[in-house]
Each structure stands twice: as C-alpha cells, then as structure tokens.
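The values are calculated or read from the model by the stated rules, or taken from the named source; none is laboratory data. Since the model is a prediction, treat every value here as computed from it, not as a measurement. Here the Cβ positions follow ideal geometry from the backbone for every residue, glycine too, while neighbour counts run over all protein chains shown. When the accessible area is computed, the model is the full protein with side chains, heavy atoms only, and any ligands, DNA or RNA have been set aside. Shrake-Rupley method; radii C 1.70, N 1.55, O 1.52, S 1.80 Å.
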Amino acid sequence: MCLKVVTPINISDGIVLGAKDYLYDSRRQKVYFLNLHQWHMFIYKHMLLEKYESYLANFRDKQSLLEWLRMQGYDIDDVRIVVTSEAQATVNLMDNEKKKTLNDINRHIQQPDGSLYVPGSSIKGVFRTAILYSLLQKRQDIKVKYWRQIQEKISSNYFKPYRDFNKLISDLENELLHTLRLVDGNIHSNNAVYSAMRGLQVSDTDQGSNDTSESVYSAMRGLQVSDTYASRNMQTAILQKVDGGFDKFGKASPKKLPIFRECMLPEAELFFDVKIEKAVMKTIGINSVDDLLKATHSFFAAVTDLLQQAFGKEYQEAFQGVAAGNMFLGGNTGFLSKTLLAMLAPDKDTAKNTIKVLLDKSFKNHKHLLRDKIIAPRTLKCTNYNGKLMLMGVAEVRKV
C-alpha cells in the first residue's frame, strides 16, 4: 500500500529539542540537526568547552546556538560533519520580526540512519477507530447505551476524566470487537484474547511482527500493517502550530502558538504492507482491504464534515485539497479525529454540549464551557505551509 501525505504530518518520536540543541539559520530559513556525540567532539577538539558550558549555563533564549558558534569564528560549513539532517524553516517569513530561535521542536520519528517512517501501529490505530465507527453505524442500541453511560459519568461529582472515559471506551471496544469464540461457542467480552482485531496485524517489513498491542488471540492481529519507510534525504519542514478560531464577531481569528514540529510535506509517498486474516476479520465485517479502506474513508468523511460545518465558511482555505485524503494521522489533528465521542451522540449539538463539559473537567484553564460555542473543541488544528493555512495530518492510503 501507499501512504501519501496530503497536508503536513508529524508523528513525534518523543524527543523535543530545545533552542540550544540545534542550529537555526534565520537567513537561510534552515534548521540543522546535530549528532550530539560528534558535536561535543567538535567542541572539545577546538577547545571551546569552557565557553560552551558558559553558554549553556546562561542560556536565556536570546542567542541561538548558531549565533554563539559564529561568535567563536565558525559557521555551518565548518560543522557539516556533525549535521545529521536539515529541515526547511520558513515560518518567520510571515512575521515582521525575525526570531533567533524556534523554541522547542518536536521531531518526526526516524530510524537510527535518519530515515523517516510511520509506525505501522499508528496506521493500525486509525484503522481500529474507523472499524469501530463502521460497526457503530449498524448498532444503534450500543450507541444509545454508551452515550447514556457517558452522560451519567460526566454529570457525576466523582467523575475522573481519564480513568472513567478511558474505561467506557475500553468497554465499548470490547463489546464491538471481541467477537471470537472458543469451542464452547461463547463470547468472552472482557478478555482481549477474543478480540477480532487479531485479524489486523502490525509487522515490521524487515524484522517480522513487532505489534505487541494486541494479544496473540486478538482479532486485530489478523490485519498486519508494516512500518512505512522513506529515503534518508526526504525533505521536511519545521512548521508552527496554528489554532483556527473565531473572534467575538464570529470572524476567523487564527492564532499562532510557540509550538514547532518537524513535518513530512505534501506529496511525499511512503510504502507499507497490509495483511488481513479473513477468517478473523470477517467477524467484524472486514473481508478485504477494500472494506478496510471504505471504513477508513467513512470515518474521515464524518470528522471532516463535522469540522466543515463549524469552520468551513471562515476557513475555506484550510480545507482545500483535504477531500483527497482518507485519514487523519499523527499529532495536532485534534480531539475529534482521535475519538468516537462525537459519533456516539444523537446529534451534533448534544455532542458539543457533552464534549465541552468533558474537556472543561479535564482542562480547567482552557474555559471550554464558556468559549466552545460553535463546536467543541473550539479550534481547528492547522499550520502554515508555503503561505497557506492547512489542516494538519491529512493522508491518503491506497492500494498499489
């Protein structure tokens, strides 16, 4: 299969680089990432250790590491050997003031050799949510049952957002996905070994199966999804988080946040393998990759439609080209693209009112009850790329 990047995608490796951990050249609009071992060897070899330690100890985000390097009489060309990769960073071209640093940068996950990839487990997670959405469309009784439980939990004085909400979602998954039977013919809904997601397996193309998220009996293991790989010289860009919201007059008022991510760029393509165990996956209505892609696109269309109803009029630019995708992937794609909560609700207004209560109890400082008027959450997750506002994390997955 092929994964094509439609709008910028970031899947974080958990590593966040501070402004003193990379070289940022605002004139060239480039970020240079360092091999820290070789960088420290350079510092030691050129007898800069004492000055470097002083720079780190007194760092106040006023002087970039590249500025400090230039003050010592060196420049980018002198340290090429310690640079592992570089990324575009044109964000400041849109600002009146040229910043000297880009704050913290969330890097995209990569192999030890520097090549970017998308973990098969990330793709499988999207497939899993899409399958659950597809199953819910056929089970109104389950939607009503769990929506009632969600409302009861949220209205309770003892509601613990992460504990109670996660428990409800886990119970929902068990009821919809634990469809495998043993010889006694019974369904054991509380035991993960009976999950139909055993039929959706995640594997590493080079090293065999690496999916430990499902039990050996889980039906999702019948669908195997390999990690995707890209060439080491694949271009990336450091892009700034933009929250699309509205001012008090209902007009678009996008807000740039001091959060930066290394992103794969539109048109990039990565390849991976999918294997379905039909005997397992058929218990949840998936008999082919076409069925899987249909479910994936249906969930994507439902989320996109919800967002367009709320933001489409004022943020038309952000939705341009999005229809070419069929999944949201990675970070900064928003609450609605990662959960089924809005899809369980009987209507969008009820969904909004319940979600904003949940979010307000989870993030009290964000004032969701007061400010989530049109939709909850109230912001559209975007970035600026090539001078255009774009949704984050839209991808197209297709057979090749």
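Points to keep in mind about this one:
- Share of Cα-Cα pairs in the chain lying beyond 32 Å, as whole percent: 43 percent
- Positive end of the dipole of the chain (Cβ unit charges, origin at the Cα centre): among Ala345, Tyr32, Leu136, the Cα lying farthest that way belongs to Ala345.
- Computed over segment 1-120, Cα set: Rg, Dmax in Å: 15.7, 52
- Dipole in debye (nearest 20) - the chain, about Cα centre, beta carbon charges: Lys, Arg +1; Asp, Glu -1: 1260 debye
- Acute angle (nearest 10 degrees) that the helix 161-177 long axis makes with the longest principal axis of the chain, alpha-carbon atoms: 50 degrees
- Positive dipole terminus of segment 241-297, leading residue within Phe249, Cys263, Ser288 (C-beta point charges): Phe249
- Cα gyration tensor shape of segment 299-400, rounded if a/c is under 1.5, else prolate or oblate by comparing a/b with b/c: prolate
- Measuring between alpha carbons in the structure, the pairs from Lys251/Lys364; Lys251/Lys313; Lys278/Lys399; Lys4/Lys348; Lys313/Lys388; Lys143/Lys381 lying more than 19 angstrom apart are Lys251/Lys364; Lys4/Lys348; Lys143/Lys381.
- Accessible surface of the chain, 1.4 Å probe, proportion on carbon and sulfur as whole %: 49 percent
- Each of Thr354, Leu389, Ala376 was scored by the projection of its Cα onto the charge dipole of segment 336-400, and the greatest displacement toward the positive side belongs to Leu389; charges sit on the C-beta of Lys, Arg, Asp and Glu.
- Loop sites here are GluC sites (Glu not before Pro) outside DSSP states H, G, I, E and B with no more than 15 other Cβ atoms within 10 Å. The longest part of the chain free of them is 98-266.
- Gyration tensor verdict on segment 231-363 (Cα atoms; rounded if a/c is under 1.5, prolate if a/b is larger than b/c, oblate otherwise): oblate
- Antiparallel DSSP beta bridges within the chain, as percent of all bridges there, nearest 5: 90 percent
- Segment 235-305 - share of DSSP beta bridges that are antiparallel (%, nearest 5): 100 percent
- Acute angle (nearest 10 degrees) that the helix 140-155 long axis makes with the longest principal axis of the chain, alpha-carbon atoms: 60 degrees
- Angle in degrees between helix 120-137 and the longest Cα principal axis of the chain, rounded to the nearest 10: 30 degrees
- Each 5 Å bin from zero up to the one holding the largest Cα-Cα distance in segment 255-327 carries the following percent of pairs: 3, 11, 15, 16, 18, 15, 10, 7, 3, 1.
- Amide H contacts under 5 Å for Ser115: none, restricted to partners 5 or more places along the chain or on a different chain, H placed in the peptide plane at 1.01 Å from N.
- Value at 222 nm in deg cm²/dmol, rounded to 500, when DSSP H runs of n ≥ 4 in the chain each add -39,500 (n - 2.57): -10000 deg cm²/dmol
- Rounded Å value of the spacing that divides the Cα centres of segment 349-365 and segment 1-41: 34 Å
- Think of each Lys and Arg Cβ as +1 and each Asp and Glu Cβ as -1; about the Cα centre, that makes the dipole of segment 95-174 roughly 220 debye.
- Probe 1.4 Å, accessible area per residue of the chain, Å²: 50 Å²
- Counting only aspartates and glutamates at least 8 places from Lys256 when in the same chain, those with an alpha carbon closer than 13 Å to its own are Asp95, Asp243.
- Each of Thr333, Thr84 has its accessible area taken with a 1.4 Å probe; listed largest first, they run Thr84, Thr333.
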